[in-house]
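Inspection log for the structure reproduced underneath, given as structure tokens.
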Amino acid sequence: QVQLVESGGGSAQAGGSLTLSCAASEPTASIVWWGWFRQDPGKERKGIAALSRTGGSPKYDDSVKGRFTITQDVAKTTLYLQMNSLKPEDTSIYYCAGGWTGSWPAVTGGYWGRGTQVTVSS
């Protein structure tokens, strides 16, 4: 069974950068798309970025377009989220997920990591 483990979260100043990583326990055909979500207490989950393991154009939420970049390694076992020009409103818990059904960001099921905290101060 696929496990996803996020890392790279932490604290940054507004305007700074962080890079999140998501390591998959194994390459799997069940993960055609994977990406990053955030969830804040009392709010619905928001899709941040998604990428097909087969390539193609990534998808981004409008709030991060031009600031965040989603990539994967050559082996397609690690997913990254390069976060630049960070804003305080980027503060959240970020989750890596993949192998879902449905159309991003309205996805269901799949594999989910346990999340990594990102805190951006002004």
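The values are calculated or read from the model by the stated rules, or taken from the named source; none is laboratory data. Every value quoted in this text rests on a predicted model; they were computed, and no experiment measured them. Because the Cβ atoms are built from the backbone with ideal geometry, glycine has one as well, and the counts that use them run over all protein chains shown. When the accessible area is computed, the model is the full protein with side chains, heavy atoms only, and any ligands, DNA or RNA have been set aside. Shrake-Rupley method; radii C 1.70, N 1.55, O 1.52, S 1.80 Å.
Things to note:
- Our analysis of the chain gives Rg over Rh at 0.94, with the two radii drawn from alpha carbon positions and Rh computed by the Kirkwood formula.
- Across the range 39-93, Cα pairs under 8 Å and at least six residues apart give a relative contact order of 28 percent.
- The residues of the range 35-96 present an accessible area of 49 Å² per residue when probed at 1.4 Å with all protein chains retained.
- Ranked by the mean number of other Cβ atoms within 10 Å per residue, highest first, peptides 37-46, 88-97 order as 88-97, 37-46.
- The charge dipole of the chain, taken about its Cα centre with unit charges on the Cβ of Lys, Arg, Asp and Glu (plus for the first two, minus for the last two), comes to roughly 120 debye.
- Relative contact order for the chain, counting Cα pairs under 8 Å that sit 6 or more residues apart, in percent: 35 percent
- P(r), alpha carbons of the range 46-105 - 10 Å bins starting at zero, rounded %: 19, 57, 23, 1
- Radius of gyration (Cα atoms) of the range 78-122, expressed as a multiple of 2.2 N^0.38 Å: 1.35.
- Taking the 1.4 Å solvent-accessible surface of the chain as the whole, the part contributed by carbon and sulfur is 50%.
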